[in-house]
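Worksheet for the structure shown next.
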Amino acid sequence: AQSVWGYDSDNGPERWHENYPLAKGDKQSPIEINSKDVQHDSSLSSWHASYDPGAAKTILNNGRTCRVVFDDTFDRSVLRGGPLSGAYRLRQLHLHWGSCDQHGSEHVIDGVKYAAELHMVHWNPKHGNFAGALKQPDGVAVVGIFLKVGQTPKPEMKRILEEIENIKTKGKEAPFLHFDPSILFPKSRDYWTYHGSFTTPPCEECITWILLREPIEVSSDQMAKLRSLSKNSENEPVSPLVDNWRPPQPLKGRIVRASFK
Ligand SMILES: O=C1NC(=O)[C@@H](c2ccccc2)S1
Ligand SMILES: [Zn+2]
């Protein structure tokens, strides 16, 4: 159905506001980060993830991204510290990527577009459930990790990419057990943080973003693997799942803070 949003010219980011008015809000994501405008905040503490590998459940292709889902029925895998107060529960992780290595990330750093951006989505249990958290300014926390194509690919991405064979088309899901996503973190804990929104409709402005400064490296072959996903269902014409990223949105006076100098 045409009214369903996507990333094509007839249902893409420029038209989301027609069905999802929040998309034109004042605290939208992603944004372009310019280091010269960032404010170092020495009061920002370090963030900590304590994830239970047993919480990992499944990996799926929903036609818009590749998503790993975790058990978030109790405080089993949580993120705390940094700009956050309290423990936020890990619910899922997914990626946004391009049709070539030169673009694909949603946030843009000093003009640099990375090949992909991985999002780890957490929600604040004080709001009861995920749906309730979406309605609150402190409802959701997303850790964003940039993927850069380089010569020393991160072996930890292999587990996710190996599973792609089993979820080639929209609606396909496979068990994904015993996985601790903190192995994907880069060495440095340095981050930028600002208040923004979901980068997909309905674009609720409920996210505290924690963007890691140090990208992780992937190989061009690993990116090609990601691009081999299809957004169509099994018995539909093949349509590559690529360029599932929203472009940067107006900053509208927001301050981006850095945990580092
Ligand atoms: O950071 C984000 N990336 C996305 O695709 C959005 C989203 C959509 C559904 C569930 C969780 C997050 S919000
Ligand atoms: Zn995302």
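No value in this document is a laboratory result; all are computed from the given coordinates. Since this is a predicted model, take the numbers as computed values, not measurements. Please note: Cβ atoms are built from the backbone with ideal geometry, for glycine as well, and neighbour counts cover all protein chains shown.
Dipole of the chain computed with +1 at Lys/Arg Cβ and -1 at Asp/Glu Cβ about the Cα centre; of S220, A133, G6, farthest Cα towards the positive end is A133.
Need one number for region 95-232: average projected area of the convex hull over its C-alpha atoms, nm². If I average the Cα hull's projected area over directions, I get 9.2 nm².
Equivalent ellipsoid of the chain: semi-axes from √(5λ) of the C-alpha gyration tensor, largest first, are 25, 22, 20 Å.
The length gained on full extension between S9 and Q136, counted as 0.36 nm times the residue separation minus their Cα-Cα distance, comes to 42.6 nm.
When the pairs K135/K231; K168/K225; K187/K261 are compared against a 21 Å limit on Cα-Cα distance, K135/K231 fall above it.
Report note on the peptides 16-27, 105-116, 228-239, 120-131: ranked by the mean count of other C-beta atoms within 10 Å, highest first, their order is 105-116, 120-131, 16-27, 228-239.
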